[in-house]
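All remarks here apply to the structure that follows.
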Amino acid sequence: MIPYGQQHITKEDIEAVIKILQSEFITQGPVVGEFESLVSGYCLVKYGVATNSATSALHLACLALGVGAGDYVWTSANTFVASANCARYCGAKVGLVDIDKDTGNMSILDLERRLIDAEKAGSLPKVLIPVHFAGEPCDMQAISSLSKKYGFSIIEDASHAIGGEYRSKKIGSCEFSDITVFSFHPVKIITTGEGGMAVTNNKKLYERMNLLRSHGITRDPSRMKGSYEGDWYYQQVDLGYNYRMTDIQAALGISQMQRIDEMVRIRHQLAYKYDEAFNNFPIEILRRNPLNYSALHLYIIRFTGKDSASIRLRSFNRLRERGVGVNVHYIPVNNHPDFVKLGFIKGGFMSAQAYYDSAITLPLHPKLIAEEQDKVIFEITKLFNG
Ligand SMILES: *Cc1c(COP(=O)(O)O)cnc(C)c1O
């Protein structure tokens with residue numbers, strides 16, 4: 001089966017990991033700090049907090065922004081559940097925004113409509129989490145101006161988007177947000193096995209995420225209450241978690257970062273070949289704004305017309321049978337039973353549902369070789385020619 005996404009591991013990556021296994025520290029030692037500096041330097045942002053997943057980075061980001069019981073956190077209906085669950089971990093309520101069907105990203109029109117209603121109802125969100133779906137940046141300028149009007153903070157869920165650019169600036173620069181979160185899960189742009197990072201320009205948010213990442217424990221006397229009792233001493237000053245990344249993971253991340261631009265460039269070349277091949281087919285491709293640079297985490301095609309859901313199902317099964325490891329991103333968050341339990345309605349977000357019913361994710365990753373891509377294109381062609 002040709003997978004839809006897969007890690008790209010080189011000899012250098014393996015050597016970097018082995019070197020750490022033979023060194024003094026294997027978890028959150030000096031290499032985690034180096035990885036944080038490398039990623040934040042790449043994004044031209046001040047601070048980075050590496051974590052054991054993007055899910056934990058999203059949780060820390062919400063906590064640092066003061067999300068708690070009674071607050072609302074909004075995200076896109078078309079995302080992985082983790083973008084919404086971070087709010088629930090903090091006791092907050094989740095709100096969802098419908099999508100723009102051309103990009104799969106949060107619809108600015110729907111967002112604005114919901115903000116107007118929420119203002120009247122006294123239920124404005126404390127935090128908004130736009131998701132750069134498939135690597136394509138959201139309209140951050142529009143989101144940022146709405147945040148000023150309605151007074152919410154912004155966490156970019158850039159789990160798909162490291163290596164991409166919004167208006168010539170790297171995703172993660174936080175020009176239009178408080179915090180940006182990356183995922184280093186193996187199917188994402190670069191990997192650390194499991195892992196994530198929250199980046200920010202705000203020192204207070206950085207310090208808070210840093211503290212909560214490791215049990216809420218500090219060794220800094222200036223942050224302690226009472227007297228300092230000796231060099232063994234530390235204090236828990238808040239309730240935190242163990243969300244630390246290991247040095248083993250960070251070493252892999254540093255090694256992967258050396259190739260990030262090349263890996264995203266390969267994704268663009270592959271996507272361009274798909275674009276050309278499907279030019280005259282009755283399918284739609286997600287729009288990529290030429291003013292931005294997508295990280296192209298996913299390449300998605302949509303079946304058009306009335307029967308798209310049944311055509312999608314048949315095509316999906318057929319492609320899988322033929323060894324093409326297609327996938328579907330995403331089942332709308334509101335469709336999951338655990339969200340229906342909260343009062344969400346299955347199918348309740350019209351554009352996200354229409355999009356979901358018609359979409360298939362094709363294989364796209366830096367290890368995809370020409371023969372494999374040709375096979376994918378051949379099998380798609382066959383769907384339409386008998
Ligand atoms: C993968 C993903 C996450 C979670 O990432 P982990 O590192 O697996 O915790 C969150 N949001 C989105 C949009 C993702 O794709």
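The values are calculated or read from the model by the stated rules, or taken from the named source; none is laboratory data. Note that the coordinates shown come from a computational prediction; the quantities given were computed from them, not determined experimentally. Note that we place each Cβ from the backbone using ideal geometry, even for glycine, and neighbour counts take in every protein chain shown. We work out accessible area using only protein heavy atoms, side chains counted, and drop any ligands, DNA or RNA first. Shrake-Rupley method; radii C 1.70, N 1.55, O 1.52, S 1.80 Å.
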> Between MET1 and ILE217, what FRET efficiency follows from the Cβ-Cβ distance if R0 is 45 Å, with the result rounded to 0.05?
Replying inline: 0.50
> In bins 10 Å wide, starting from 0, what share of all Cα pairs of region 206-331 does each bin hold, as a percent?
Replying inline: 9, 23, 20, 17, 16, 10, 5, 0
>> Spelling out what I want: for every residue of region 287-295, take phi, set θ = phi - 60°, compute 6.51 cos²θ - 1.76 cosθ + 1.60 (Karplus), and round to whole Hz; glycine and proline get x.
In response: 6, 10, 6, x, 7, 10, 10, 6, 7
> Anyone know which of SER153, SER227, SER351 comes out most mobile in the 10 Å Cα GNM of the chain?
Replying inline: SER227
> So what are the ³J(HN,Hα) numbers for region 215-225, from phi and the Karplus equation (6.51, -1.76, 1.60; θ = phi - 60°), rounded to whole Hz, Gly and Pro as x?
Replying inline: 6, x, 9, 10, 10, 8, x, 5, 9, 8, 9
> With axes computed from alpha carbons, what is the tilt in degrees of helix 108-121 against the longest principal axis of the chain, rounded to the nearest 10 within 0 to 90?
Replying inline: 50 degrees
>> At 1.4 Å probe radius, can you tell me the per residue accessible area of region 322-386 in Å²?
In response: 44 Å²
>> If R₀ is 35 angstrom, what is the calculated FRET efficiency for the pair ASP231 and GLN258, using the beta carbon separation as r and rounding to 0.05?
In response: 0.40
>> Out of the trypsin sites (Lys or Arg not before Pro) in region 331-386, which ones are loop residues according to DSSP with at most 15 other C-beta atoms within 10 Å?
In response: LYS341, LYS346, LYS367
>> So for region 91-132, averaging the separation of alpha carbon pairs under 8 Å that are six or more residues apart and normalising by length, what relative contact order in percent results?
In response: 33 percent
> Check LEU296: other-chain or 5+ apart residues with amide H under 5 Å from its amide H, H built from backbone geometry?
Replying inline: GLU136
>> What does the net charge come to around GLY240 if you take all other residues with beta carbon closer than 11 Å to its beta carbon, with K and R at +1 and D and E at -1?
In response: +2
> In the chain, if every C-alpha pair distance is counted and binned at 20 Å from zero, what percent goes to each bin?
Replying inline: 28, 56, 15, 1
> Which distance in nm do the two modelled labels at LEU342 and TYR150 give, with both placed 7 Å along the Cα-to-Cβ direction?
Replying inline: 1.6 nm
> Quick one: ranking MET1, MET245 by accessible area, 1.4 Å probe, largest first, what do you get?
Replying inline: MET1, MET245
>> Need one number: % antiparallel among DSSP beta bridges in the chain, to the nearest 5.
In response: 65 percent
> Counting only protein heavy atoms and using a 1.4 Å probe, what share of the accessible area of the chain belongs to carbon plus sulfur, as a whole percent?
Replying inline: 53 percent
> So who's got an amide H within less than 5 Å of the one on SER153, skipping anything under 5 residues away but keeping other chains? H placed 1.01 Å off N, in plane.
Replying inline: VAL127, LEU128
> Using θ = phi - 60° and the Karplus form 6.51 cos²θ - 1.76 cosθ + 1.60, what ³J(HN,Hα) does each residue of region 3-18 get, whole Hz, x for Gly and Pro?
Replying inline: x, 6, x, 7, 5, 10, 10, 10, 4, 5, 4, 5, 5, 4, 5, 4
>> With only alpha-carbon pairs counted, each pair once and no self-pairs, how large is the Kirkwood hydrodynamic radius of region 225-279 in angstroms?
In response: 16.3 Å
> Ranked by accessible surface with a 1.4 Å probe, highest first, in what order do GLU36, GLU15 come?
Replying inline: GLU15, GLU36
>> If you take every residue apart from ASN317 with its C-beta less than 14 Å away from the C-beta of ASN317, what net charge results, scoring Lys and Arg +1 and Asp and Glu -1?
In response: +4
> What does the charge add up to near GLU119, with Lys and Arg as +1, Asp and Glu as -1, over the other residues with Cβ less than 12 Å from its Cβ?
Replying inline: +2
> Using the heavy atoms of the protein chains alone and a 1.4 angstrom probe, what is the accessible area of region 97-173 per residue in square angstrom?
Replying inline: 35 Å²
> How large is the helix-only mean residue ellipticity at 222 nm for the chain, computed as the sum of -39500 (n - 2.57) over DSSP H runs with n ≥ 4, divided by its residue count, in deg cm²/dmol to the nearest 500?
Replying inline: -12000 deg cm²/dmol
>> With angles folded into 0 to 90 degrees, how steeply does helix 140-150 sit against the dominant principal axis of the chain? Use alpha carbons for both and round to 10.
In response: 60 degrees
>> Of the candidates ILE300, ILE285, ILE14, which one comes out as most mobile in a Gaussian network treatment of the chain with C-alpha springs shorter than 10 Å?
In response: ILE14
>> Ordering LEU65, LEU296 by accessible area with a probe of 1.4 Å, largest first, what comes out?
In response: LEU65, LEU296
>> For the chain, set up a GNM with springs between Cα atoms under 10 Å and report which of LEU38, LEU128, LEU362 has the largest fluctuation.
In response: LEU38
